[in-house]
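Here is the structure we will look at.
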Amino acid sequence: MKTDFARQFFRLCYSYTFYLLFMELFIRSTGGPGVSWVVLVVMAGIFAGNYLLRNMVRRIWPMILYTAVVGAGVWFLPESVLQRGLLTGLAVGIMFTSFRYIGSGGLLPALPDIPLSVLILGLLATIFGLGYKIEGLVPIAALLTGVALLFYLLILYVDNTRKYMNSTKDVKGVPLRQILKMNSLIIAGIFLCMLVAVLLGEALQLPDALVRMGDAIVSVLRIAFFGTVLVFRWLGRLFRFTSSHEMHESAQRLRKEVEENHAFANMMEVFLKVLFVALVIFIIVRIFYRIMKVLSKKYHRSTGERVTETGGRKDVRIRLEHENLYERMRNYLSMEERARRIYKKRILELRKDQPPEAYETTADILEGLRSEDRSGLPELTKLYEGVRYGNVVPDRAYLSKMKKADRGG
């Protein structure tokens, strides 16, 4: 029950943050002052009412009635026509998502692999804020994008936790409480890092510094342009294609641009501020790493090996392996793992409609492919078998051989 509530609550917050970012971009781009506090509260009420009602009804007509009441009530708000129109559009939009939710029997939509919509919207808001110098849009875009990504991570965490609980509900002895504690600590660490980064960025006026850095980059490009023009005019002067007046004018423009340019100072300011924020985040990560290490050791001492019981089979022992982030990254980047990925990628490309089963060997996979698909595959399989079943320790030259075989060479 708790996980069901968390899944819906975090999705509500994610959708709320996304639509708020859209409203800020739309309103500020049209010259408006931004979303008011009244609209923020009304938006929260629309989302909350919709999410509560759709869990209480089994037909769509109450959702239509709720949307009609909300749509009519919005137009009595003391706000601009644009903000009232956007609120009405929100009510209608989430009404259709409620139809899908009710029609599926209460199933929540699958989470996308990448929160592409939030990233694109945040990028557009940043580009509009910098390009048209819209006051306040860049820091708001950065803040809301970061908050939306945080809720995305929380949704991902809760969904995966629910899948794990469902898959182990018939298994005894699984240390679910300890796993949830460790995972919750990781999520808390991520949240704290993001919060500290946002607060430090605001305290150091990092968004404004980034804007000045963008101006500095443009100024450097202008200097390069004027310098190039001066070089060409100097060459033209040698061949009498350019007058001395034009060359003098180009030199004056370049000198003025250089004298008024503060690119190096602005870039150094941004670099030092980003370096300071990164240092603080690194210290927080190290502290959390130490806490995780201590808790992990304490947990191992108290649990050791656990006995699981499932499907009537008893005395099946499993050892829980805990690898820290460094060990996982080291294994992922190891030569053996790279060799495995080269072979796996080729096989999945050839058998994308029917991935290999767990019991199939490399010989079975090779035999099952058509002759026209096997270009270079026998050599690749042989090299991979040396790593997988033999005692071959691959190096860069060995991986190059596998890549060459993968290309059919």
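Here, the stretch 48-125 yields an orientationally averaged convex hull projection of 6.4 nm² when only Cα atoms define the hull. Karplus-derived 3J(HN,Hα) values for the stretch 338-345, using 6.51 cos²θ - 1.76 cosθ + 1.60 with θ = phi - 60°, are 5, 4, 4, 5, 4, 5, 4, 4 Hz; glycine and proline are entered as x. Taking only the Cα atoms of the stretch 119-164, the radius of gyration and Dmax are 14.4, 48 Å. The calculated FRET efficiency for ILE60 paired with SER36, based on their beta-carbon distance and R0 = 35 Å, is about 0.65.
Over 25 Å apart at the Cα level, from the set LYS293/LYS345; LYS273/LYS293; LYS163/LYS345; LYS344/LYS404, are LYS293/LYS345; LYS273/LYS293; LYS163/LYS345. Working from label points 7 Å from Cα in the Cα-to-Cβ sense, the PHE239 to TYR332 distance is 5.5 nm. The calculated FRET efficiency for LYS293 paired with ARG255, based on their beta-carbon distance and R0 = 51 Å, is about 0.30. Simple spin-label estimate for VAL231 and LYS404 gives 4.1 nm between the two label positions (7 Å along the Cα-to-Cβ direction from each Cα).
Measuring r between the beta carbons of TYR389 and ASP4 and using R0 = 41 Å, the FRET efficiency lands at 0.35.
Surface composition of the stretch 39-86: carbon plus sulfur atoms contribute 76% of the solvent-accessible area (1.4 Å probe, protein chains only, all chains present). Across the stretch 86-100, coupling constants 3J(HN,Hα) worked out from phi with the 6.51/-1.76/1.60 Karplus curve, θ = phi - 60°, read 5, 5, 5, x, 4, 4, 5, x, 6, 5, 5, 5, 5, 4, 5 Hz, and Gly and Pro carry x.
The values are calculated or read from the model by the stated rules, or taken from the named source; none is laboratory data. Note that the coordinates shown come from a computational prediction; the quantities given were computed from them, not determined experimentally. Glycine also receives a Cβ, built like all others from the backbone with ideal geometry; neighbour counts cover every protein chain displayed. Note: accessible area is taken over every heavy atom of the protein model, side chains too, but ligands, DNA and RNA are not part of it. Shrake-Rupley method; radii C 1.70, N 1.55, O 1.52, S 1.80 Å.
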